[in-house]
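Structure first, then comments.
The values are calculated or read from the model by the stated rules, or taken from the named source; none is laboratory data. Note that the structure is a prediction, hence the values are computed from the model and not measured. For neighbour counting, all protein chains shown are included, and Cβ atoms are generated from backbone atoms with ideal geometry for every residue, glycine included. Only protein heavy atoms, including side chains, enter the accessible area calculation; ligands, DNA and RNA are left aside. Shrake-Rupley method; radii C 1.70, N 1.55, O 1.52, S 1.80 Å.
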Amino acid sequence: MDENDTPQLRPYPQHPPKSLDDLSAKLIDNGLSGISRELLERRIEQVGYFRLKGYWYPFLTPVSEQSAKRSLPFRQDVQFKDIWDRYLFDQELRMLVFDGIVTIEIYLKSFLAHELSVFGGEFGYMTQEGLPGLSYDDHLACLSSLRSTFTKSNLPYLRHFRSTYSDPLPPYWMIVGCLSYGTLKENFYQGAPDHIKRKLATKLHIFNPNPNPAVRGDAKILSNWLETIRQARNMTAHHDRFWNETSTRIAPKLPKHRSGSHAKGWWGNNWDIFRKSSGPAAFLTMENYLTSQIDGPAWTEKFISLMDRYPQIPKSDMGFPDGWRVSPLWRVDGSAH
């Protein structure tokens, strides 16, 4: 089929809804053990048959030796606890991922509010010169978005500003409080001059090979990482399965490997074991790297604790290679950074 051809669509096959009793009986009749029909009904009602299916899918029978597809019945001796453990682990993992993103997001708001106000004044975003990374049309859209968000916000200090001052919008350090991550990234980060982006990259220890301190921060990698964070933030907020997600949308760009005389101390080489990784391991390592620069080992220790509490979770399915815990990017003795 030519790549420009529209794929032939077909109607979604009919799936008449079944009762919880029928659904639980179907799973047990197909080899699921270690749970009563009554409790299985409650779990299906609690989580949803379709959502839970994503966690039991690896335990199904392969369609053929050559195919990765699987279908009922379950493989022999599959216990419901094996499936439920993965669900609970993923739930805790998403909460921890979001917790780390909050740390990064608050740091971004603080950094950009300060640096942009120093650059263009406390109301610098009101002019395009204050956000030189935005086009004329993008700047107009930015102001419209900020105005809408500001007028709808119920934050006490923004209500006080609206009732006290005649200015149409508040200064940077107030307005960032009501901005979503996406709005902050698209307007204030994207609109920031290059030297502020490079400074942010340097603060977060994201470097390029240039030894010149003025340009050493790698804003290209930083921009990519901020976008993967946006994607992961949406996934965790919408409760998407995360623990074995293979989508490239959360695959961060990794610093290039260097060899020869320039390789000593090059931070990019620490990422080598993750270059062929699939799953969320590279994202989690990137999140760990950023939170470590901002808040030390706090997030790292919580992540390691989570992994230790679920030793039955296959780490290779997450994309973690052998020896990942002793790699420089995950050690908590301070040698990684």
- Message: Tell me the angle of helix 219-237 to the major Cα principal axis of the chain, expressed in degrees between 0 and 90 and rounded to the nearest ten.
- Response: 50 degrees
- How much length, in nm to one decimal, is gained on full extension between Thr6 and Tyr310, taken as 0.36 nm per residue of separation minus their Cα-Cα distance? 105.0 nm
- Query: What is the helix-to-structure angle for 136-152, meaning the angle in degrees between its Cα long axis and the longest Cα principal axis of the chain, kept from 0 to 90 and rounded to the nearest 10?
  - Reply: 70 degrees
- Query: Considering the chain as a Gaussian network with a 10 Å cut-off on Cα pairs, which listed residue, Ala68, Ala219, Ala192, attains the greatest mean-square fluctuation?
  - Reply: Ala68
- Once amide H atoms are built 1.01 Å from N in the peptide plane, which residues 5 or more positions from Arg70, or in another chain, come under 5 Å H to H? Val63
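Given R₀ = 22 Å, what would the calculated FRET efficiency be for His257 paired with Asp322, taking r from the Cβ atoms and rounding to 0.05? Write out the running numbers ahead of the final one.
On the way: r = 19 Å, r/R0 = 0.87.
With R0 = 22 Å, the Cβ-Cβ based efficiency is 0.70.
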- Tell me, what is the percent relative contact order of the chain, built from C-alpha pairs under 8 Å that lie six or more residues apart? 14 percent
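Tell me, in nm to one decimal, what length is gained between Glu38 and Tyr57 on full extension, where the rule is 0.36 nm per residue of separation less the Cα-Cα distance? Please list the in-between numbers first.
Numbers: separation 19, 0.36 × 19 = 6.84 nm, distance 2.15 nm.
Additional length available on full extension: 4.7 nm.
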- Item | With every protein chain in place, the chain: carbon and sulfur % of accessible area (1.4 Å) | 51 percent
- Message: If I take every Cα pair under 8 Å that is 6 or more residues apart in region 227-337, average their sequence separation and divide by the length, what percent do I get for the relative contact order?
- Response: 26 percent
- Item | region 77-207 - percent relative contact order, Cα under 8 Å, separation 6 or more | 29 percent
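Counting heavy atoms of the protein chains only and a 1.4 Å probe, report the per residue accessible area for region 1-94 as a whole number of Å². Let's see the in-between values first.
Working: 6610 Å² over 94 residues.
Accessible surface, normalised per residue, equals 70 Å².
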- Show the residues, 5+ positions off or on another chain, whose built amide H is closer than 5 Å to the amide H of Ile206. Asp218
- Query: Using the Cβ atoms and a cut-off under 11 Å, what net charge is assigned to the surroundings of Ile101, where Lys and Arg are +1 and Asp and Glu are -1?
  - Reply: 0
- Message: Could you identify which residue out of Arg249, Arg275, Arg42 has the top mean-square fluctuation in a GNM of the chain using Cα springs shorter than 10 Å?
- Response: Arg42
- Which label in (i) -0.71; (ii) -0.78; (iii) -0.57 gives the computed log10 I(q)/I(0) by the Debye sum over Cα atoms at q = 0.10 Å⁻¹: (ii)
- Item | Computed FRET value (nearest 0.05) for Asp137 with Asp85, which takes r as the C-beta separation and R₀ as 41 Å | 0.20
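Suppose only helical runs count, i.e. DSSP H with n ≥ 4. What mean residue ellipticity at 222 nm does that imply for the chain under -39500 (n - 2.57) per run, divided by all residues and rounded to the nearest 500 deg cm²/dmol? Kindly include the intermediate steps, with their values, before the conclusion.
Working: 11 runs with 156 residues, N = 337.
After summing the helix terms and dividing by residue count, I get -15000 deg cm²/dmol.
Provide the gained length on full extension for the span Tyr157 to Arg216, in nm with one decimal, where the gain is 0.36 nm per separating residue minus the Cα-Cα distance. Don't jump to the answer; show the numbers that get you there.
Details: separation 59, 0.36 × 59 = 21.24 nm, distance 3.77 nm.
Fully extending the segment from Tyr157 to Arg216 adds 17.5 nm.
Accessible area per residue for region 149-255 in Å², computed with a 1.4 Å probe and the full protein assembly in place, what is it?
Working: 5070 Å² over 107 residues.
Per residue, region 149-255 has an accessible area of 47 Å².
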- Query: Against the longest principal axis of the chain, how steep is helix 298-309, in degrees 0 to 90 to the nearest 10, with axes from Cα atoms?
  - Reply: 0 degrees
- In a Gaussian network model over the chain where Cα atoms closer than 10 Å are linked, find which of Asp137, Asp82, Asp90 has the largest mean-square fluctuation. Asp137
- State, to one decimal in nm, how far the label point of Lys302 lies from the label point of Ser110, with both points 7 Å from Cα in the Cβ direction. 1.5 nm
- Checked against a 21 Å limit on the C-alpha separation, the offending pairs among Lys203/Lys256; Lys220/Lys264; Lys81/Lys276; Lys26/Lys315 are Lys220/Lys264; Lys81/Lys276; Lys26/Lys315
- Query: With r defined as the distance between the Cβ atoms of Arg70 and Lys264 and R0 fixed at 30 Å, what FRET efficiency is calculated, to the nearest 0.05?
  - Reply: 0.05
- The simple spin-label model distance between Val102 and Ala25, using points 7 Å out along Cα→Cβ, in nm, is 4.5 nm
